[in-house]
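Laboratory data are not the source of any read-out in this text; all were calculated from the coordinates shown. These figures come from a predicted structure and were not determined experimentally. Reconstructed Cβ throughout: ideal geometry from the backbone, glycine too, with neighbour counts over all protein chains shown.
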Amino acid sequence: MDLEAQIQLLIDNAPHDGITPQLVAAIAPAIKAIAHQLHYPQYYILQSLESEWVLTTLSNRANPGLEKHVVYAFPSLNDATLASSAGTDSQIIATAIPVTHILFQLIALEPVDSIVFFESPGLTTNAVEVGRTDLQNQIQQKLQQNPSPKQVPPNIA
């Protein structure tokens, strides 16, 4: 599914409350700009049977007190199962999710600091990290450059 179709699906599935579909359309350029930098139209996310994404806590080697919470996005099902306990833990599954939907979810995932997109099957050395704060800032910039005719709530991102 191409990026335009993914964005349209996000808009179509947004609550029909009179503003959410327009907000999704307004932030779509920022989401697409980041998605264009990534190699795949979908990635595999590890999640629980309750559809909760698996978080990994990373510590800074030089300063172990510094931690961040990331979600890994794998380019293939095989990579997701090999790189995790998904192959042996029946409570963890790998689910294919369109890249724009992952980025859209990142906006609101408070405990998540970033998504790490692995870009080469079989390798964990080639990755792109997209920070939640960076994504929110890009969305705010896009909204300020192209203000919508409707008032956009300041806390959208």
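Here are a few things to note about the model shown:
- At q = 0.11, 0.21 Å⁻¹, base-10 log of I(q)/I(0) for the stretch 1-93 (Debye sum, equal scatterers on each alpha carbon): -0.49, -1.09
- Calculated translational diffusion coefficient of the chain (25 °C, 0.890 mPa s; Stokes-Einstein with Kirkwood radius over alpha-carbon pairs) equals 148 µm²/s.
- The phi-based Karplus calculation (6.51 cos²θ - 1.76 cosθ + 1.60; θ = phi - 60°) puts the 3J(HN,Hα) values of the stretch 92-97 at 10, 10, 9, 10, 6, 9 Hz, whole numbers, x for Gly and Pro.
- Exposed-loop-free span, longest in the chain, where trypsin sites (Lys or Arg not before Pro) count as exposed if DSSP calls them loop and at most 13 other C-beta atoms lie within 10 Å: 62-149
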